[in-house]
Amino acid sequence: MVIYADNAATTAMSAKAKAAMQPYFDTIYGNPSSLHSVGQKAKEAIVDARRRMAAILNCEEKEIIFTSGGSEADNQAIVSAARIGSRAGKKHIISTAFEHHAVLHTLEALEKEGYDVTYLDVHEDGIISAKQVREALRDDTCLVTVMYANNEIGTVQPISEIGEICREKGVIFHSDAVQAVGHLNIDVQAQHIDMLSLSAHKFHGPKGIGALYVRKGIRLSNLIYGGAQERGKRAGTENIPAIMGMVTALEEAVATLDEDAKKTAALRDRIISGIEKIPHCVLNGDPVQRLPGNISFCFEGIEGESLLLLLDDRGVCASSGSACTSGSLDPSHVLLAIGRPHEIAHGSLRLSIDKSLSEEESEKIIAAVTEVVSTLRNMSPVWRDLQNGKRSFVIE
Ligand SMILES: *Cc1c(COP(=O)(O)O)cnc(C)c1O
């Protein structure tokens, strides 16, 4: 039996979400732009889905744009705010050094167009402070984009405080909340969030569908031109089965969010305590201000890729960080951002669990990690040098 501990990369589909999609393949397959009954039924479904999602985020229906996922929502939010800024002669953006690549690479593209981006340093605990945002604000700042929760180390940012500062200064505030939606309680009004990205496959919905919340009054720029779908801001025939699956999965996740978070966090803390018994390892990110399902460690004298392969052999699916960086030889930009030295950042492990994990499975994870770390260290020349004092430990 495989123990799946890579929910930050993607999640299994919920049975309810799958069932909710089926009618839109079988009978209600019409194009919502068609005037006949099959099309109109599909259109009603989208109206209903938008209403249900708006109720969860606490916004208006017209403030939601369905996208192909988190990456598209991030791109459209950032590019739109940049265009609004540029029309007002404001071309400064504030972000952080540990955003997802969907944000970082969009910002890099804007830098090539002449935008000036401040990347806030992340404290060793994996959190940036609202004070840092306040101090970085300039008269020409047009956008602050800070992720809600980090996908590698799970740390949760002070979003409400940052939102308050941005609202006070009249600067657009976007948050990539892909890791947070369905896992943490979010209220875009109370938290003064102007734009928020989410993605269904991170909360047991289907892949290839997400949404962007945009506060009314903020003019979106198109990434995709064409038909009048999504109020003309995102052309293309709507992916109705995926939209229905997404909303169903989201409702399911928020219905039991608090109790699920509590249960998952207890399992998380149990695994963290177990792994912490391994010598010369360190937990990445604040132990408390973190996602209920995130466990992230660095191990001295270990190479992350071998760790993953051996864990996989023992039936544990884990990750070294984000799915995008694994497989490349560069250490994670997130771990470097919190100050881990290169050789330590290479020995990283991310386990992202959910409520379906049993206590027995959590014990199996601890045993497998302990065993694999010890096996790899016994084979490692670096570890031998650390043992005989030719090299000194970075992690005490
Ligand atoms: C997964 C993820 C994304 C990308 O979402 P997709 O739907 O896969 O495009 C963006 N940001 C964060 C924080 C993520 O975890």
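Each value in this text was obtained by applying a stated rule to the coordinates, not by laboratory testing. The structure displayed is predicted, hence computed values, not measured ones. Note that we place each Cβ from the backbone using ideal geometry, even for glycine, and neighbour counts take in every protein chain shown.
In the chain, Cα pairs under 8 Å separated by at least six residues give a relative contact order of 21 percent. Each residue of segment 307-314 was assigned a 3J(HN,Hα) from its phi angle through the Karplus expression (A = 6.51, B = -1.76, C = 1.60, θ = phi - 60°), giving 4, 5, 5, 5, 5, 4, 4, 8 Hz with x at Gly and Pro.
Exposure proxy for Ile28, Ile243: other Cβ atoms within 10 Å of each Cβ, ordered fewest to most, give Ile28, Ile243. In terms of distances greater than 23 angstrom between alpha carbons, the cross-link table entries Lys112/Lys216; Lys16/Lys43; Lys16/Lys233; Lys207/Lys233 yield Lys112/Lys216; Lys16/Lys233. Cross-link partners for Lys169 among the aspartates and glutamates, with Cα-Cα distance under 16 Å and sequence neighbours closer than 8 places in the same chain left out: Glu135, Asp139, Asp140, Glu161, Asp194. Computed over segment 47-196, the P(r) tail beyond 22 angstrom holds 36 percent of alpha carbon pairs. In 10 Å bins starting at 0, how do the alpha-carbon pair distances of segment 142-270 split up by percent? Per 10 Å bin, starting at zero, the Cα-Cα P(r) for segment 142-270 comes out as 12, 36, 36, 14, 2, 0 percent. For Lys277, the lysines whose Cα falls under 29 Å of its own Cα, not counting residues fewer than eight places away in the same chain, are Lys262, Lys263, Lys355, Lys364, Lys390. Between the helical axis of 240-255 and the dominant principal axis of the chain, each derived from Cα atoms, what acute angle in degrees is found, rounded to the nearest 10? With rounding to tens, the tilt is 60 degrees. Segment 122-186 and segment 291-306 have Cα centres lying 25 Å from one another.
Helix content alone sets the calculated 222 nm mean residue ellipticity of the chain: runs of n ≥ 4 DSSP H residues at -39500 (n - 2.57) each, divided across all residues, give -12500 deg cm²/dmol.
What is the Cα centroid distance between segment 16-78 and segment 256-272, reported in whole angstrom? Cα centres, segment 16-78 to segment 256-272: 31 Å.
As a proxy for reagent exposure, ranking Tyr148, Tyr4, Tyr213, Tyr119 by other Cβ atoms within 10 Å from fewest up yields Tyr119, Tyr4, Tyr148, Tyr213.
Under a no-solvent Debye model with one identical scatterer per Cα of the chain, what's log10 I(q)/I(0) at q = 0.09, 0.10, 0.14 Å⁻¹? Taken in order of the listed q values, log10 I(q)/I(0) reads -0.56, -0.68, -1.21. Mean silhouette area of segment 287-396, derived from the convex hull of its C-alpha atoms and averaged over all directions, reads 7.6 nm².
For Lys62, a cut-off of 13 angstrom between C-alpha atoms picks up these aspartates and glutamates, skipping any fewer than 8 places away in its own chain: Asp48, Glu230.
Across segment 1-48, Cα-Cα pairs farther apart than 15 Å form 59% of the total.
Under the criterion of Cα pairs below 8 Å and six or more residues apart, the relative contact order for segment 279-396 equals 34 percent.
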